[in-house]
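Okay, so here's the structure we're looking at.
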Amino acid sequence: MHPNRTTLRRAAVAVLSATLVATAAGTAQAHDGKGGHGHHKPSDSSLRKLADRRHVLIGTAVDTTALAEDSVYRATTAREFSSVTAENVMKWEVVEPERGRYDWSQADELVRFARAHGQQVRGHTLLWHNQLPAWLTDGVADGSLDAKELRGILRDHITAEVTHFKGKIYQWDVVNEVFNEDGTLRDSLWLQQLGPSYIADAFRWAHRADPKAKLFMNDYNVEGVNAKSTAYYELAKKLRAEGVPVQGMGVQAHLDIQYGFPADLADNLARFDRLGLRTAITEADVRMYTPSDEAKLTRQASDYRALLAACLATRGCTSFTVWGFTDKYSWVPGTFEGEGEANILDADFGRKPAYEALRAELARRR
């Protein structure tokens, strides 16, 4: 790492952490081990403690049902991670199941858990083409919601959600998966009804609702320099030149060991860094055809470590999030036939080589 980058990264992350942790009364005490009731002091060997020393947030997506019902899952979430992302409960179909009727209950529980354990929260996601409520998709399909009304609905939704969590979210995935693999805009209902301007609008509305939250674009298959990641790069450059508050690029990093590792990941992150954007690994997992064996687990560990190393080598990459940490609750088997075992802990919460690889990379002297 360039010697000046370390100083700048540490300063940036220190400011970020100090500002957002201070939003919760008593949270700062949790970090120095002085916390009161409910606060958790991570062990010296946890991922979280090692990441603190590297001035990076280590995060996980959280299954809130498991958080409520599984004590081992809950304890591991608190011990190992300094950042949490709602796997589903901040998505539109959950928080606004009926038009104008918001249900923040599950998301609020996660935020309370994070506050009690000195953790920060990534917001996911404000605008996506999936997991939309039926009242919205049906209204567009049958023509009862025209473009003008739909734009107002989108504005109201983003404003309501960001306002509700104002001061509690350090990064928001504002727009999620808006490009195709060839770099063209996805033909979603948003593009069909509102045209490409919906992207800039979403960032402006989110920034107006919470000027301190860092606002991200987020997508999969953008790890390397390719048509899709370049489309994001060009869009960010264009929007920032127009004064649109695009502040970060989220690289999901859903990898599969049957394919090669994206060797130009660091170069890709660096170009967004030079553009003035923060970057983040937002949804890392590394799947394989099951059952696993020693060779597969070794390759998986190598990929996890390489993802983290690229983030640590990038000045503006201040958070690294795995998309779930235990195979017990993984989304992968239900989505990719014959594949699974994508996480850093096995289904019994045992540490896999991938977990040890992340620990080793965080502990490595630079």
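The values are calculated or read from the model by the stated rules, or taken from the named source; none is laboratory data. Note that the coordinates shown come from a computational prediction; the quantities given were computed from them, not determined experimentally. Note that each Cβ is placed from the backbone with ideal geometry, even for glycine, and that neighbours are counted across all protein chains shown. Each accessible area value is taken on the protein alone, full model and side chains, heavy atoms only, with ligands, DNA and RNA left out. Shrake-Rupley method; radii C 1.70, N 1.55, O 1.52, S 1.80 Å.
Structural remarks
- Net charge dipole, the chain: roughly 2240 debye, given to the nearest 20, about the Cα centre with Cβ charges of +1 for Lys and Arg and -1 for Asp and Glu.
- Here the chain carries DSSP beta bridges of which approximately 10% are antiparallel, counting only pairs with both residues inside.
- Carbon and sulfur %, accessible surface of the chain computed with the full protein complex present, 1.4 Å: 50
- For the chain, the per residue solvent-accessible surface stands at 41 Å², with DNA, RNA and ligands left out and a 1.4 Å probe.
- ³J(HN,Hα), Karplus 6.51/-1.76/1.60, whole Hz, each residue of region 72-85, x for Gly, Pro: 5, 4, 5, 5, 5, 4, 5, 6, 8, 10, 9, 9, 10, 10
- Helical contribution to [θ] at 222 nm, DSSP H n ≥ 4, -39,500 (n - 2.57), averaged over the chain, rounded to 500: -13500 deg cm²/dmol
- Cα Rg, Dmax (largest Cα-Cα span) when computed across region 50-133, Å: 13.7, 45
- Ordering of 116-122, 75-81, 62-68 by packing is 116-122, 75-81, 62-68, highest average first (other Cβ atoms within 10 Å, averaged per residue).
- The Cβ shell under 15 Å around Val162 holds other residues with a net charge of +2, Lys and Arg each +1, Asp and Glu each -1.
- A convex hull fitted to the Cα coordinates of region 200-239 yields 78 cubic angstrom per residue.
- 5 angstrom amide H check on Thr85, placed H, neighbours 5+ away: Thr60, Ala61, Val62, Arg122
- Between the alpha-carbon centres of region 299-350 and region 120-190 there is a gap of 26 Å.
- Under 5 Å between amide hydrogens, built in the peptide plane, is the criterion, and for Arg278 it picks out Gly248, Met249 among residues at least 5 positions away or on other chains.
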